[in-house]
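Undergrad: Sharing a structure with you now.
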Amino acid sequence: MRRPRSYLSLEDFGRERLSKYFFMRNFLYSEIGNFHERQNLPEDPDLALETGRKLAVELLDPMVETFGPLEIRSGYRSPELNHFGATAARPQKCSANERTYANHIWDRRDAKGRMGACVSVVVPWFADQYANGRDWRDLAWWVHDHLPYHAMCFFPKLAAFNLTWRESPERIIQSYIAPKGMLLRAGEEPSEPLDARRARYGDFPEFRGIRYP
């Protein structure tokens, strides 16, 4: 597929289906791009679609079928838009492009040659409980024990977190919510045994228990 260069080709690109519940359009909106009037178009649409499908099918669809609708806060970022967000006079909290390949920049491989894609997501069901004092680690360990993620990073607002799919995943968990820092490093065993982790999320909905028509 060619890079979208017209309104109609962008419409067609947005209609590309990634999974049962998601289309590419769900991941193209950018507050940075909107506010600063900059486009968010992939340089390699085929790679963006391939990695986006892996993210949606393997990580997001199971969450929808467990918790219901998800809120996508930030999805795909083009190399051009991400570079602007990292280097503008007032940086927009974007990391340098090289650190964002196979992350929010879906259409570039990382330094190890791995495909990857990242999305910042809110689980409304959990966000309501988090607002009442629930520990973010309950959700982090649930994801760890149920989904083939590469990395997670949690943020204080709404317990939003970056969720990354990548080839040869390293399974890393970190957070800007107390206790801040690394919960799980690549290659490490979880600090809490499986029984303790399961007790944390014992009241969560049944895994993939929602049956949509």
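Undergrad: Pairs of Cα atoms under 8 Å, at least six residues apart: use those to get the relative contact order of segment 1-71, whole percent.
TA: Numbers: 55 pairs, mean separation 23.0, N = 71.
The value is 32 percent.
Undergrad: State log₁₀ I(q)/I(0) for the chain at q = 0.14, 0.15 Å⁻¹ as given by the Debye formula over alpha-carbon point scatterers of equal weight, solvent excluded.
TA: One equal scatterer on each Cα of the chain leads to -0.86, -0.98.
Undergrad: Let me ask something else. If each of GLN39 and ALA196 carries a label point 7 Å out from its Cα toward its Cβ, how far apart are those two points in nm?
TA: Spacing of the two 7 Å Cα→Cβ label points: 5.2 nm.
Undergrad: Tell me, in nm to one decimal, what length is gained between ARG208 and PHE23 on full extension, where the rule is 0.36 nm per residue of separation less the Cα-Cα distance?
TA: Working: separation 185, 0.36 × 185 = 66.60 nm, distance 1.99 nm.
Once the chain is fully extended between ARG208 and PHE23, it gains 64.6 nm.
Undergrad: About its Cα centre, what dipole magnitude does the chain give when the only charges are +1 on Lys and Arg Cβ and -1 on Asp and Glu Cβ, stated in debye to the nearest 20? Don't skip to the end; give the middle numbers.
TA: Values: 31 positive and 29 negative charges, 73 e Å.
My answer is approximately 340 debye.
Undergrad: If I take every Cα pair under 8 Å that is 6 or more residues apart in segment 16-200, average their sequence separation and divide by the length, what percent do I get for the relative contact order? Present the calculation step by step, with values, prior to reporting the outcome.
TA: On the way: 326 pairs, mean separation 31.1, N = 185.
This gives 17 percent for segment 16-200.
Undergrad: Under a point spin-label approximation (7 Å from Cα along Cα-to-Cβ), what is the ASP12-GLU58 distance to one decimal in nm?
TA: Result: 2.9 nm between the two label points.
Undergrad: Going by amide H atoms built from the backbone, whose H comes under 5 Å of the H on ILE172, apart from near neighbours?
TA: Amide H neighbours of ILE172, under 5 Å, 5+ apart: ALA151, MET152.
Undergrad: Keeping to pairs on different chains or 8 or more places apart, tell me how many lysine pairs in the chain have Cα atoms under 20 Å apart. Spell out each step's value before the answer.
TA: Details: LYS20/LYS54; LYS54/LYS112; LYS93/LYS157; LYS93/LYS180; LYS157/LYS180.
Value for the chain: 5.
All of the numbers you see were taken from the coordinates with simple rules; none came from a lab. Predicted model only: the values in this text are computed from it and were never measured. Backbone-built Cβ (ideal geometry, glycine too); neighbour counts: all protein chains shown.
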